[in-house]
Amino acid sequence: MAAPTSRPAAVRGPALSFTGDPFHDGLEATMVHEPDAIVAMAEGRITHFGPASRIAPLLPAGTEVRDYGRDALISAGFIDTHVHYPQTPMIASHGAQLLDWLNKYTFPTELKFADKVFARDVARLFLRENLRNGITTSCVYCTVHPQSVDALFEEAEALGLRLAAGKVLMDRNAPDALLDTAQSGYDESQALIQKWHGRGRLLYAITPRFAGTSTSGQLAAAGALWREHSDCLMQTHIAESRDEVAWIKELFPERRNYLDVYDHHGLCGARAVFGHGIWLDEPEMQRLHESGAAIAHCPTSNFFLGSGAFDLTRAVRKERPVRVGLGTDIGAGTSFSILATLDAAYKASQLNRQSLSAAHAYYLATRGSARALYLDDKVGSLAAGMEADLVVLDMRSTPLIDARMAGAKDFAEQLFIQMTLGDDRAVQATYVAGRLAYARELVAAPPPSPSP
Ligand SMILES: [Zn+2]
């Protein structure tokens, strides 16, 4: 990772942000596109955001303004609402669907996180990839080992990131060495909450992996823990594949539906983040809506495992909107790039015969995901008082994008080109709490290959 070498107090360039939910209130009322903006930062927060002509005279004398030029786009940092850092080493593993994939690839990899040194190395790789892709906040699954949580939080703290994470709870249907018990999982999570939750910008997420790997006793213990620490997040998986839904029905025949398995154990409400939710039925959507729980939409993962195409339009329906965030779901997800993830989200909508606009997609990756995590008063948009986490895109990052941009007729088309063709090369800078944490230009070029 490039070492931070400068501390600009302000950045200048075209900017995009949202003041509300465009799925609910329309783009006109919620989207702010400023062709020449200044975002000024001090002590980790945004102090000013607006047209450069208005903001420039307000800046304290001597403020260093970094001008990224008119081919840039400044946005709130991207947010990943569902990701497994321990699966970074097994991304791109071939040929299985969800339940097989867990047994064949995931569990063997997660066993290695008993070793704290290994965990720390992967945590560093994971966070470096986040910053290279403009991701400044993520909601992360660790493994069953408490030291895997310590390793990630220690690295995130050193970078000053706002990040949520938790120890996975599993007391059945996984290798013995990856199992805890209802009691030990509760105790270890409790200790991790006391150590990390609310320390700096870090947050704890109570993390039963899913109903297939937790007994009713463990789900109840997780529910009790969340009641005692209701300002923690709670994350789990739901209705990702049809085989999984059928299996959960066999495991919990007495429950009305999949969501009711969690709800019954006190695991549904504000700050709950349910990964996937492709196969939820209407009563489950209704319950998510009224409880304030969120779905993490993970389209690259859903396509990779052949799980299905999440119907975003249905989830955010105006009569009973469900909070929806975006997730990479590494390592079933195939890219750390949020742009690539938005490309897949567009395709998931296409398969549902809906058309996701580029601006709605960018909302999903920023403020929408912040709202899913109940962090929209802190991150996810550009406004005075918000935490100063930013991504600066280069809208001309490859020769093909450059050529295609020449023919773009408006801003909506420019945005769509980025999410369809862009990747990590489009991220030219990432700021964390007002500090330059990644700059593309500072990454050393690879040494020239020897001549033949
Ligand atoms: Zn997942």
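Readers should treat all values here as calculations from the given coordinates under stated rules, not as data from a laboratory. Note that the structure is predicted; figures quoted are calculated from it, not measured. All Cβ positions, glycine included, derive from the backbone under ideal geometry; neighbour counts span all protein chains shown.
Run the numbers for Asp71 and Ser230: contour at 0.36 nm per residue of separation, minus the present Cα-Cα distance, in nm.
Values: separation 159, 0.36 × 159 = 57.24 nm, distance 4.35 nm.
Contour length minus Cα-Cα distance gives 52.9 nm.
Each peptide in 96-103, 198-205 gets a packing score, the mean of other Cβ atoms within 10 Å over its residues, and the list from highest to lowest is 198-205, 96-103.
For region 254-316, the dipole from Cβ point charges (+1 on Lys and Arg, -1 on Asp and Glu) about the Cα centre works out to 180 debye, to the nearest 20. Beta-bridge orientation, the chain: approximately 45 percent antiparallel, per DSSP, counting only bridges with both partners inside. Please work out the ratio of the alpha-carbon Rg of the chain to 2.2 N^0.38 Å and round it to two decimals. Normalised Cα radius of gyration, the chain: 0.95.
Could you tell me the relative contact order of the chain? Use alpha-carbon pairs under 8 Å, at least six residues apart, and round to a whole percent. Write down the numbers at each step before the final one.
Numbers: 1017 pairs, mean separation 93.3, N = 452.
It rounds to 21 percent for the chain.
Exposure proxy shown here: for His237, His197, the number of other Cβ atoms within 10 Å sets the order, fewest to most, as His197, His237.
Rounded to whole numbers, the Karplus 3J(HN,Hα) couplings from phi for region 413-418 are 5, 4, 5, 5, 4, 4 Hz, using 6.51 cos²θ - 1.76 cosθ + 1.60 with θ = phi - 60°, and x at Gly and Pro.
Relative to the present Cα-Cα distance, how much length would full extension add between Glu413 and Asp121 at 0.36 nm per residue of separation? Taking 0.36 nm per residue and subtracting the Cα distance, the gain is 101.2 nm. Binning the alpha carbon pair distances of region 243-306 at 10 angstrom intervals from zero yields the distribution 20, 52, 27, 1, expressed in whole percent.
Near Ile206, the amide H atoms lying under 5 Å from its own belong to Leu233, Met234, Gln235; only residues 5 or more places off or on other chains count, and H is placed 1.01 Å from N.
Comparing Ser189, Leu127, Phe153 along the charge dipole axis of region 106-194, the residue lying farthest to the positive side is Leu127, per the Cβ-charge model. In the structure shown, do any of Lys116/Lys347; Lys104/Lys318; Lys347/Lys409; Lys116/Lys249 have a Cα-Cα gap over 30 Å, and if so which? With Cα atoms farther than 30 Å apart: Lys116/Lys347; Lys104/Lys318; Lys116/Lys249.
Determine the shape class of region 86-134: with a ≥ b ≥ c the square roots of the Cα gyration tensor eigenvalues, call it rounded for a/c under 1.5, and otherwise prolate if a/b is greater than b/c, oblate otherwise. It comes out oblate by the Cα gyration axes.
The relative contact order of region 231-272, computed from alpha carbon pairs under 8 Å that lie at least 6 residues apart in sequence, is 50 percent. From least to most packed, judged by other beta carbons within 10 angstrom and beginning with the fewest, Cys298, Cys139, Cys268 follow the order Cys268, Cys139, Cys298.
Among beta bridges from DSSP that stay inside region 37-176, the antiparallel ones total about 45%. Taking other C-beta atoms within 10 Å as the exposure proxy, Leu421, Leu259 rank Leu421, Leu259 from fewest upward. So if we plug the beta-carbon distance of Ala61 and Asp377 into 1/(1 + (r/R0)^6) with R0 = 25 Å, what FRET efficiency do we get, rounded to 0.05? Between Ala61 and Asp377 the formula returns 0.20.
Which value in deg cm²/dmol, rounded to the nearest 500, describes the helix-derived mean residue ellipticity at 222 nm for the chain, given -39,500 (n - 2.57) per DSSP H run of n ≥ 4 and division by the residue count?
On the way: 19 runs with 160 residues, N = 452.
Mean residue ellipticity, 222 nm, calculated: -9500 deg cm²/dmol.
Geometric descriptor of region 182-230, per residue, is 66 Å³ (volume of the convex hull of the Cα atoms).
Taking amide H atoms as placed 1.01 Å from N in the peptide plane, the amide H of Thr137 lies under 5 Å from those of Asp80, each 5 or more residues away in sequence or on another chain. Normalising the Debye intensity of region 224-338 to I(0), with uniform scatterers on Cα atoms only, and taking log10 at q = 0.20 Å⁻¹ returns -1.13.
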